[in-house]
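Visitor: Okay, here's the structure, questions in a sec.
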Amino acid sequence: MSDLYKRKDWIDALRALALLFVMIGHLIPTVDSFFIFTSPIKIPLFFAISGYLFNTKNLNQQLFLKNLFFKIVIPWLILSGSIYLLVSFIKGYHYFLRSMYEILTGDILWFMPCFVVGKIIFFYSHKFTKNYWSYIISISFCILGFILAQKDALNIFMINRALIAQIFLLIGVLIRKYENLLLNRVYVIISLLVYLSLCAFCYLLFPNIRMDIHLNHYYNEMYTIIMIFVGCFFAFGIIRIVNRFPRYLLEVGKNTLLIYILHSYIYSFFNYIQKTLFGTLYKNTIMVVAYVVITCAICLVISAFLNRFAPFVLGHSKRTTNKLIQ
């Protein structure tokens, strides 16, 4: 197996890990140990992966915008808009227009406009600056984003969160630059122990505070940035040194966009079924795991269908092989 394919495997596995943290987090509303452990890394990991894959040597504007539009924006709008298009047959076209506006501005699926705007800002800040100046600009944008978010300014298109995310993208760039450290198991173990210690201190220093990047809730800005950096480092390191991954996990990693967009609607359907049959919702560990596994399986079936008949919806220029379904 080539090195390129191995790298693709571990990147897919890392994406899947971040997505599973997000999905489980949506099912566990209380601030518990799992939430404290995952919150500082589940969203930043997506940005850090993008930063890791960011090519700082070939800043071709046309290629960047083309990939962004056809691989992210078009799939995002089609997949999310199709749900509300179906509902609009009952509620009317005004419902669809309002929903599409909320999708674009971030009132629905906030992460998507935040990710798109964040990548655009990051690309041009690196294109027009050199060396460490781009790092300084990313940090400055992050500080500006914190200030704007505190004042509820530039919430539209999640611009303020996209500015904060510049530091997450920068983390990925730095991890790529110092990647050899990730191959050293000692550094990975140390980073894991440090991260666990930081999580433990959250109970003492910031009791009952729920960290949420979307809601702009943080334990403390500097403390949180340290947690995010250390957490992303150990997550990259652990996944990077693993040689084999379950095929199911890799397929989830290849379809994170589809699963992220659709999973909340599938959750809503499951909740409706539970309430109809049992009159209440069960959120114990077994039910949470079942929700996540079944949701991913449904999304992978949808992915296989779209990949065969409409690959552009998934951001593919042509059909690709779905190993899990074959």
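Values in this text are rule-based calculations from the coordinates and carry no lab data. The model shown is predicted, which means the values in this text are computed figures rather than measured ones. Here the Cβ is made from the backbone with ideal geometry for all residues, glycine too, and neighbour counts use every protein chain on show.
Visitor: Could you name the lysines whose alpha carbon sits less than 17 Å from that of LYS254, not counting residues in the same chain fewer than 8 places away?
Guide: LYS6, LYS8, LYS42, LYS71, LYS318, LYS323
Visitor: Between the range 281-301 and the range 201-249, what is the separation of their alpha carbon centroids in Å?
Guide: 23 Å
Visitor: So what's the Cα pair-distance distribution over the range 30-110, bin width 10 Å, in %?
Guide: 15, 29, 29, 23, 4, 0
Visitor: Something else: Taking 0.36 nm per residue of separation and subtracting the Cα-Cα distance, what length does fully extending ILE209 through SER33 add?
Guide: Details: separation 176, 0.36 × 176 = 63.36 nm, distance 1.22 nm.
Roughly 62.1 nm would be gained on extension.
Visitor: How high is the FRET efficiency from LEU277 to ILE190, r the C-beta distance, R0 45 Å, rounded to 0.05? If you can, show how the numbers build up before the last one.
Guide: Numbers: r = 49 Å, r/R0 = 1.08.
Computed FRET efficiency for LEU277 and ILE190 comes out at 0.40.
Visitor: Tell me what the chain gives for mean residue ellipticity at 222 nm when only DSSP H runs of n ≥ 4 count, each as -39,500 (n - 2.57), the sum divided by the residue total, rounded to 500 deg cm²/dmol.
Guide: On the way: 14 runs with 237 residues, N = 326.
Rounded to the nearest 500, it is -24500 deg cm²/dmol.
Visitor: What FRET efficiency comes out for TYR267 versus LEU59 if R0 is 51 angstrom and r is the Cβ-Cβ distance? Round to the nearest 0.05. All intermediate terms of the calculation are to be shown ahead of the outcome.
Guide: On the way: r = 39 Å, r/R0 = 0.76.
That pair, TYR267 with LEU59, gives E of 0.85.
Visitor: Measure of size requested: the Rg and Dmax of the range 142-283, with Cα atoms as the atom set and Å as the unit; please supply both.
Guide: Rg and Dmax of the range 142-283, Cα atoms, are 18.8, 54 Å.
Visitor: Given labels modelled 7 Å from the Cα in the Cβ direction, how far is it in nm from LYS66 to ILE286?
Guide: If labels sit at LYS66 and ILE286, their model points lie 5.3 nm apart.
Visitor: Using a Gaussian network model on the chain with a 10 Å cutoff between Cα atoms, which of TYR248, TYR93, TYR52 fluctuates the most?
Guide: Of the options given, TYR93 has the highest mean-square fluctuation.
Visitor: List the residues whose amide H sits under 5 Å from the amide H of ILE108, counting only those 5 or more places along or on another chain, with H placed 1.01 Å from N in the peptide plane.
Guide: ILE103
Visitor: Report the extension gain between ASN131 and ILE83 in nm, rounded to one decimal, defined as 0.36 nm multiplied by the number of residues separating them, less their alpha carbon distance.
Guide: Numbers: separation 48, 0.36 × 48 = 17.28 nm, distance 4.38 nm.
Additional length available on full extension: 12.9 nm.
Visitor: Continuing with this model, one more query. Tell me the Rg and the Dmax, in Å, that the Cα atoms of the range 90-159 produce.
Guide: Reported Rg and Dmax, both Å: 15.6, 54.
Visitor: For the range 108-191, what is the relative contact order in percent, using Cα pairs closer than 8 Å and at least 6 residues apart in sequence?
Guide: Details: 66 pairs, mean separation 27.2, N = 84.
Value for the range 108-191: 32 percent.
Visitor: Between the range 18-54 and the range 63-118, how many Å separate their Cα centres?
Guide: Taking the Cα centre of each part, the range 18-54 and the range 63-118 sit 22 Å apart.
Visitor: By what distance, in whole Å, do the Cα atoms of the chain stretch along each of the three principal axes, largest value first?
Guide: Cα spread of the chain along its principal axes, largest to smallest: 53, 50, 49 Å.
Visitor: Mean separation of Cα pairs under 8 Å and 6+ residues apart, divided by the residue count of the range 33-243: what relative contact order is that in percent? List each step's numbers first, then the result.
Guide: On the way: 211 pairs, mean separation 60.7, N = 211.
The normalised contact order for the range 33-243 reaches 29 percent.
Visitor: GNM, the chain, Cα, under 10 Å: largest mean-square fluctuation among ILE90, ILE103, ILE121?
Guide: Residue with maximal mean-square fluctuation among ILE90, ILE103, ILE121: ILE90.
Visitor: Rounded to the nearest whole Å³, what is the per residue volume of the convex hull around the Cα atoms of the range 65-187? It would help to have the intermediate numbers written out before the result.
Guide: Working: hull volume 18.2 nm³, N = 123.
Normalising the Cα hull of the range 65-187 by residue number yields 148 Å³.
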